[in-house]
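The values are calculated or read from the model by the stated rules, or taken from the named source; none is laboratory data. For clarity, every value in this text was computed on a predicted model and none was experimentally measured. Positions of Cβ are generated from backbone atoms using ideal geometry, with glycine treated the same way; all protein chains shown enter the neighbour counts. Note: accessible area is taken over every heavy atom of the protein model, side chains too, but ligands, DNA and RNA are not part of it. Shrake-Rupley method; radii C 1.70, N 1.55, O 1.52, S 1.80 Å.
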Amino acid sequence: METDYKTFYSSYLKEYHEVRAIYLKHLLSNIDSINSTIQKNELRTKDVNISLTKNTKFILQADLRQNYFHSIETFFELFFAFLPKNGKVPDNTEILRILVKSNWRQNYKKIEYIANGKLKLSLLDEIIDFLNFEVSTGQYLIYLGTSSKDKFNEKYQKSVRDSIESIKKLIKTLAIDFSKRDEYNAYKHTMRVFPTFESIHILNSKKLKEELSFDISNSASYQIYNDKEKETIVKTKLFAPERDFKMTEICSRLIFNMFELRSIVFGDRRQKTPNEKIAIVMFNKENIEDSIKHNVKIQDLNFNSKLIKGSSLC
């Protein structure tokens, strides 16, 4: 038995990342209540109590962060799977096979190319033929099946064009956030992310007086090694849960559009519910810029230690 494409389009969990973000944000707002529940599962003996609540806030923020990364990875896998090649759309009835057999390493490279500008998002403006309509690649990807000017007037078509312009900026930001994957890998592989530093203090070397200080207690650190340079690097990133939430929400809505419209064009929803009304998400510059902006004073910190040639460790 094989899952057919109609079932895949209609059953795909297009709301997955947004729902996760919502409940994680809710849990973050109710730490005391969550800790009370967690404490019921703590191991207690006459002499020992193993606490499980020391890092609840850290864990929830880490989950929110991972969920954001996963939403980006999911979006780009879908983006490249649906993307026309040489002006021709892929076989949408074979989309599950295309996704399962995806060359993810090659896709990671493409994401990096988008991030550094080697792969231009002007590709969304390229005109292709789809169901006997001339349509931009961006409209085919995000607003499938809404090309008929008889059914969708010029006001709608302009909204789509404006939305795609905003989406270009969003996709570029998603690519930049994802292309530095060492943080995502630290979460995914053996959970190598941990709380470390409380604060940073910058002193005047002559007066030995503090000039600046930064609270970095709400941060996550992970370690990487550059064996070629005999260098160890501890990277520290301040959590920004509100940005992670907003960016996950907006990324998830890209995924929503892609599947909501495909479940109608390629599925059998029109036969089952011919008069159904659906939501189509439009993206605007102001909303995207609000989601993109960082709200922490320090975004990235690197602490490097390097073995000097000729030195030895005691």
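Data overview
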{"item": "Estimated FRET transfer efficiency (residue 50, residue 155; beta-carbon r; R0 51 Å; 0.05)", "result": "0.25"}
{"item": "Neighbourhood net charge (12 Å Cβ-Cβ; Lys/Arg +1, Asp/Glu -1) for residue 61", "result": "+2"}
{"item": "Aspartates and glutamates with Cα under 14 Å of residue 40, excluding same-chain neighbours fewer than 8 positions away", "result": "32"}
{"item": "Unsatisfied cross-links (Cα-Cα over 21 Å) in the set 168/237; 6/109; 172/246; 172/277", "result": "168/237; 6/109; 172/277"}
{"item": "For residue 130, distant residues with modelled amide H under 5 Å away", "result": "135"}
{"item": "Mean accessible surface per residue for the chain, computed with a 1.4 Å probe while every protein chain stays in place, in Å²", "result": "61"}
{"item": "Mean Cβ count within 10 Å, highest first, over the residues of peptides 6-15, 169-178", "result": "169-178, 6-15"}
{"item": "Top of 43, 261, 64 by mean-square fluctuation, Gaussian network on the chain, Cα under 10 Å", "result": "43"}
{"item": "Estimated [θ] at 222 nm from DSSP helical runs (n ≥ 4, -39500 (n - 2.57)) normalised by residues in the chain, nearest 500", "result": "-15000 deg cm²/dmol"}
{"item": "Partners for residue 293 among aspartates and glutamates (Cα-Cα distance below 15 Å; same-chain residues under 8 apart left out)", "result": "177, 242, 244, 249"}
{"item": "With every protein chain in place, the chain: carbon and sulfur % of accessible area (1.4 Å)", "result": "52"}
{"item": "Whole-angstrom gap from segment 107-148 to segment 39-104, using each part's C-alpha centre", "result": "25"}
{"item": "Globularity ratio of segment 57-153, using Cα Rg and 2.2 N^0.38 Å", "result": "1.29"}
{"item": "Selection from 121, 257, 191 lying farthest towards where the dipole of the chain points positive, charges on Cβ", "result": "191"}
{"item": "Formal net charge of residues neighbouring residue 111 (Cβ-Cβ distance under 15 Å; K, R +1; D, E -1)", "result": "+3"}
